[in-house]
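Student: I am attaching a structure below and will ask some questions about it afterwards.
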Amino acid sequence: MVNLKVENLSKTFDKKTVLNNISFEVMDGEFLSILGPSGCGKTTLLKILIGIEAPTSGEIMKGNKKITNLDPSKRKMGIVFQNYALFPNMTVLKNVSYALQLKLKNKKHAETESIKILKMMNMEEHLNKYPSELSGGQMQRVAIARTLALNPDIILFDEPMSALDADNRLVLRKELKKIQKEFHTTMIYITHDQEEAFSLSDRVMVMHDGNIEQLDKPNTIFNHPKNEYVKQFVTKHLVEKVRSIEKCTGIDL
Amino acid sequence: MKKRSKLSIFIFLFIGISVLFPLINMLLQIDFSNGNFQKLVASTAFKNALSHSLFVTSIGTILSVCIAFFLAYALNRTNIKHRSILKVLISLPMLIPSISHGLGLINLFGVNGIITQYIPFNIIGRVGIIMGSIIYSFPIAFLILDDGFYYIDNNLYSTAKVLGMNKWQTFKKVTFCYLKKPLLSAFFAVFTMIFTDYGVPLAVGGKYLTLPVFLYKEVIGLLDYSEGTMIGLFLLIPAFISFVFDTFFKNYGNVDNNHPFKREENKGRDILVSIGVYIILGFVIVLLGSFIYYAFVENVTLDKSFSLTHFNYVVGNNIGSYIFNSIFIALIVSLLGTIVGYSSAYVTARVKGKLSKFLHMFIICTLAIPGIVLGLSYTISFHNTFIYNTYVILIMVNIVHFIATPYLMAYNALLKVNQNYEIVAKTCNISTFRIVKDVIIPCTKNTIREMLVYLFVNSMVTISAVTFLFNSKTMPLSLLINNYEGNMMLGEAAIVSLLILIINVLAKVSVYILNYREERKKENYGIIEEAI
């Protein structure tokens, strides 16, 4: 079933086109990555999807409902940022239960629910810690738990692992995949990291200069790039990997 | 309508009524066509006042900035001991009205001063004005330069070393280069302060009339508002120039310095610098100490025995009501000013847009209005309204006079708080009000306390903004110094100065303790306000 539908979406800032008449669909429970270099329009797209930026033209449909001009609070979407945006004056548990408590108006219930989710994220040992006492990976787990607690239909991720080291990224990637399966939540994941996009996603959307260059399954993009740009973009990453292996091992691949 | 645009409109309205209306109204009343303006400018009295003002201000500014530079250098670049205590001592002169600095000088070096009663010399006149102005203004210049020194990244010095630059080259290419803006900023700020201050010259100037005293005498003595306004126009000029400079050249959003300067060992330098610092601060302490001496000695020249005569006189003359007036006004100004400053800063730092930029410029503009001109514009514009002769007008004028600095404190702090909190709140269906109350205010608690105390202390010491606006019922403590000093009751004036100093020190200390506790608490959960 189609969960989110974007139709002919455009955005211009002072005569500069950032999104150029783009259309795509996201299925229910799908993991979609939006991949592209900085300046390709992916962050603007995320802001429009979440509702903090208005498009110049075009429509966004969620299910059968038009949400183009709907307030962010009514879209049932959550967001996870690269810099976590955890509330520094609240403990891990409070960070997760805060919004839920306001919604349910029941502190105990909110806390029980929050603890359940934090357990799933392997964070039960850190409930009473403050964000500054956590590692980057732990903070990102709390941020994800905070979003999950409100049970959104779609979660948007804005380069959530860019600030983490390689090991942490690998672990969190696996966890994210697990959570997605468990909660069956639609996830839209913005990244410039191809490895991340290809390993996590059901489908990948390659963006360049405000246009969608290709939207397909990872292996289709890999094996059948639609145009020269996608081909260059995908192989560049591979070539870099090969070069680094060559450098380390001294073997000419 | 969105709540935030309502807030912007409210702030614009407040500024419109409290700043634009009185100023424009005052300026519109200047009649250039009837020849009065030309007559004033051509008069000897005016020419003298202007040249006197320019003379004392130029010398005072240069010396004040030099002293401040030396102190900032000593505290940032040498291993001088007890730095935090020295910093507190440097800020002491900011806790008393400018007229008290003049008064302290009279106590020491006046016609029958503690020192000058033994030597045939006194500093009444331009020397006194220059000395008083320096003491009054160097702490401000110090704060600007201290900040300037702090934000020079140590990596620049490491790089200079690697490149083989000698000390002089490093000073020229790194230190001085990065201090150019703070130095110019300090220069303009001090120039404006001295040029527009009338407290020091009124107390210690004698017959040496400066422009602000000229304005004060025209308005208070001769009730000539139109001539006062014309002089006010001249007082606005340096303030306006310094404002333009600051707007275009000063970087208001401070960057974090991740690599603080590493001080090198050099005992000889430390001893020399320490002697200099102790001499400067020793002078400040002697000046403040002279208040205690004057307050509790029967007569400085004739009978030097301990006496409570002055104290009893001050207490017998209803001092309680003046203390109440001052503290009441200062508390309300501090509270309302912080609310206005913080909410304006919230709009400009976190709700971007053209309106915010405009508002930002607007609030910083208030920095350029000298207190005495603002006070005059209020007298002219509000004398027929119900707020005249009430606390309301005193509170309003103080808020407008001092709002820019606490606004900038909040602006800088709010810029540093994670810009994504509001987005998270929106998606979680948490109202902006709630997120501000539950997250953003707790994250900027220390800044809010600094804002509160800044407004409190400044409302306690100001005389220029309120001098035309009080009546016998609303008169604040600071103006009492003016009265006593005018009647040569130096002991009584000293007691009032001491009172203001004590109240302000208490206010500062309580905020310091609260912030210190907060820091300790934050250390426990590791938040550094600047780095959220």
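FYI, it's all coordinate maths here, none of it is from the lab. None of the values given here were measured: they were computed from a predicted structure. Here Cβ is always computed from backbone atoms with ideal geometry, including for glycine, and neighbour counts include all displayed protein chains.
Student: Residue by residue, what Karplus-based ³J(HN,Hα) values in Hz, rounded to whole numbers, does the stretch A:202-210 have, using 6.51, -1.76 and 1.60 with θ = phi - 60° and x for Gly and Pro?
Tutor: Result, rounded to whole Hz: 6, 9, 10, 10, 8, 10, 7, 6, x.
Student: Per residue of the stretch B:392-405, in order, report the coupling 6.51 cos²θ - 1.76 cosθ + 1.60 (Karplus, θ = phi - 60°) as ³J(HN,Hα) in whole Hz, putting x for Gly and Pro.
Tutor: Taking θ as phi minus 60°, the curve returns 3, 5, 5, 5, 4, 5, 5, 4, 5, 5, 10, 5, 4, 5 Hz for the stretch B:392-405.
Student: In nm, what is the difference between 0.36 nm times the number of residues separating B:SER431 and B:HIS82 and their Cα-Cα distance?
Tutor: Computed gain between B:SER431 and B:HIS82 is 121.0 nm.
Student: Compute the Cα gyration tensor for the stretch A:64-207, then decide on rounded, prolate or oblate, letting a ≥ b ≥ c be the square roots of its eigenvalues: rounded whenever a/c is under 1.5, prolate when a/b is larger than b/c in the other cases, and oblate in all that remain.
Tutor: oblate
Student: Shifting gears a bit: Using +1 at the Cβ of each Lys and Arg and -1 at the Cβ of each Asp and Glu in chain B, identify which of B:ILE503, B:ILE285, B:VAL340 lies farthest towards the dipole's positive end.
Tutor: Value: B:VAL340.
Student: Let me ask something additional. Taking R0 as 60 Å, what FRET efficiency do you get between B:ILE30 and A:MET27 from their Cβ-Cβ distance, rounded to the nearest 0.05?
Tutor: 0.25
Student: Additional query: Let's see if you can work this out: charge +1 on each Lys and Arg Cβ, -1 on each Asp and Glu Cβ, no other charges. What is the dipole magnitude of the stretch A:77-151 about its Cα centre, in debye to the nearest 20?
Tutor: For the stretch A:77-151, the charge dipole is close to 260 debye.
Student: What whole-number value in cubic angstrom gives the convex hull volume per residue for the C-alpha atoms of the protein assembly as shown? Each step should come with its number before you reach the end.
Tutor: Values: hull volume 174.1 nm³, N = 785.
Once divided by residue count, the hull of the protein assembly as shown is 222 Å³.
Student: Please go through the residue pairs A:LYS42/A:LYS217; A:LYS16/B:LYS354; A:LYS105/A:LYS178 and name each one whose alpha carbons sit more than 21 Å apart in this structure.
Tutor: A:LYS105/A:LYS178
Student: Separate question: How far apart, in nanometres, would the label points at B:PHE12 and A:LEU170 be if each is projected 7 angstrom from Cα along the Cα-to-Cβ direction?
Tutor: Distance between the two pseudo-spin positions: 5.7 nm.
Student: Just from its helices, what would the mean residue ellipticity at 222 nm be for the protein assembly as shown, if runs of 4 or more DSSP H residues each count -39500 (n - 2.57) and the sum is divided by every residue, rounded to the nearest 500 deg cm²/dmol?
Tutor: After summing the helix terms and dividing by residue count, I get -19500 deg cm²/dmol.
Student: Order by neighbour count: B:MET131, A:MET90, B:MET451, fewest other Cβ atoms within 10 Å first, most last.
Tutor: Result, fewest neighbours first: A:MET90, B:MET131, B:MET451.
Student: Still on this model: Checking the cross-link filter: which aspartates and glutamates have an alpha carbon closer than 20 Å to that of B:LYS161, excluding same-chain neighbours under 8 positions apart?
Tutor: B:ASP153, B:GLU264, B:GLU265
Student: Quick check for me: using +1 on Lys/Arg Cβ and -1 on Asp/Glu Cβ, what's the dipole size of chain B about its Cα centre, in debye to the nearest 20?
Tutor: 1680
Student: A follow-up question, please. Can you give the Kirkwood hydrodynamic radius for chain A, in Å, rounded to one decimal and based on Cα pairs?
Tutor: So the Kirkwood estimate lands at 19.3 Å.
Student: For the stretch B:449-458, take each phi angle, set θ = phi - 60°, evaluate the Karplus expression 6.51 cos²θ - 1.76 cosθ + 1.60, and give the result in whole Hz per residue in order, putting x for glycine and proline.
Tutor: Values per residue, Gly and Pro as x: 5, 4, 5, 4, 6, 4, 5, 4, 4, 5 Hz.
Student: Distance in nm between label sites at A:GLN232 and B:SER43, each 7 Å beyond Cα in the beta-carbon direction?
Tutor: Placing both labels 7 Å beyond Cα along the Cβ direction yields 7.7 nm.
Student: Continuing with the same structure: How high is the FRET efficiency between B:SER51 and B:ASP147 when r is their beta carbon distance and R₀ equals 30 Å, given to the nearest 0.05?
Tutor: According to the calculation, E is roughly 0.30.
Student: Just want the answer: with Cβ charges of +1 for Lys and Arg and -1 for Asp and Glu, which residue in A:MET121, A:VAL26, A:ILE50 is farthest toward the dipole's positive end in the stretch A:3-138?
Tutor: The one lying farthest along the dipole's positive direction is A:ILE50.
Student: May I pose another question? Could you work out, for the stretch A:77-151, what percent of all Cα-Cα pairs fall into each 5 Å distance bin, beginning at 0 Å and stopping at the bin that holds the largest distance?
Tutor: 3, 19, 33, 27, 14, 3, 0
Student: Okay, next question. Would you mind counting up the charge near B:ALA494? Only other residues with Cβ under 15 Å from its Cβ, with Lys and Arg at +1 and Asp and Glu at -1.
Tutor: Taking every other residue near B:ALA494 into account, the sum is -2.
Student: Considering only A:GLN138, A:VAL92, A:ALA149, whose Cα is most displaced toward the positive end of the charge dipole of the stretch A:77-151, charges sitting on Cβ of Lys, Arg (+1) and Asp, Glu (-1)?
Tutor: A:ALA149
Student: What residues from the stretch A:161-194 fall in the zone where the backbone N is under 12 Å from a label point 7 Å along the Cα-to-C-beta line of A:ASN151?
Tutor: Counting only backbone N, you get no residues.
Student: Further question on the same structure: Find out how many positive minus negative residues lie around B:LEU95, taking Lys and Arg as positive, Asp and Glu as negative, among other residues whose Cβ is under 14 Å from that of B:LEU95. Each step should come with its number before you reach the end.
Tutor: Values: positive: B:LYS87, B:LYS508; negative: none.
My count for the surroundings of B:LEU95 gives +2.
Student: Under a no-solvent Debye model with one identical scatterer per Cα of the stretch B:47-156, what's log10 I(q)/I(0) at q = 0.09, 0.15 Å⁻¹?
Tutor: Results for the stretch B:47-156 at q = 0.09, 0.15 Å⁻¹ read -0.31, -0.75.
Student: Continuing with the same structure: Once the mean 1/r over all distinct Cα pairs of chain B is inverted, what Kirkwood radius in angstroms do you read off?
Tutor: For chain B, the Kirkwood estimate is 24.7 Å.
Student: Between A:ASN211 and B:LYS181, what is the label-point separation in nm under the 7 Å Cα-to-beta-carbon projection?
Tutor: 4.1
Student: Same structure again: Treating only the Cβ of Lys, Arg, Asp and Glu as charged (+1, +1, -1, -1), what charge dipole size does the protein assembly as shown show about its Cα centre? Round to the nearest 20 debye.
Tutor: 1020
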